[in-house]
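Single-structure report; data block below.
The values are calculated or read from the model by the stated rules, or taken from the named source; none is laboratory data. In this text the structure is predicted, and so the values were computed from the model without any measurement. Glycine gets a Cβ as well: all are built from the backbone with ideal geometry, and neighbour counts include every protein chain shown. Each accessible area value is taken on the protein alone, full model and side chains, heavy atoms only, with ligands, DNA and RNA left out. Shrake-Rupley method; radii C 1.70, N 1.55, O 1.52, S 1.80 Å.
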Amino acid sequence: MSGGLPPLRNRYLAASFIVVMYSLIGAFLGGLLGTGLSGSAVWAGVAAFVGGALGAAFGVWRIRRTPEKERLDDNTF
């Protein structure tokens with residue numbers, strides 16, 4: 001078995017994984033920033049939501065920006 005985790009060999013699952021991970025990282029960092037700057041749970045929630053949305057948008061942008069040759073499924077077995 002070469003090539004990483006078997007479920008992530010599917011290009012659509014891998015793309016979804018990338019978008020979800022960027023979304024979670026954005027939500028986490030947004031929540032930390034909102035909590036640190038305001039101390040209010042409401043603002044921390046709003047910042048986490050906005051951070052998650054921006055993280056997902058960044059993940060989609062990164063996938064779209066990657067050249068098609070690099071995005072092709074290279075399973076040759």
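Six or more apart or on different chains, Cβ under 6 Å: which pairs go from a residue in region 25-45 that's assigned to a helix (DSSP H, G or I) to one that's modelled with pLDDT of 90 or more and open to solvent by 60 Å² or more (accessible area, probe 1.4 Å)? Could you list them?
Gly26/Leu54; Gly30/Val50
So, of the residues in region 1-32 that are surrounded by 13 or more Cβ atoms within 10 Å (Cβ to Cβ) and among the hydroxyl-bearing types (Ser, Thr, Tyr), which turns out to be modelled with the lowest pLDDT?
Taking the candidates together, the pick is Ser16.
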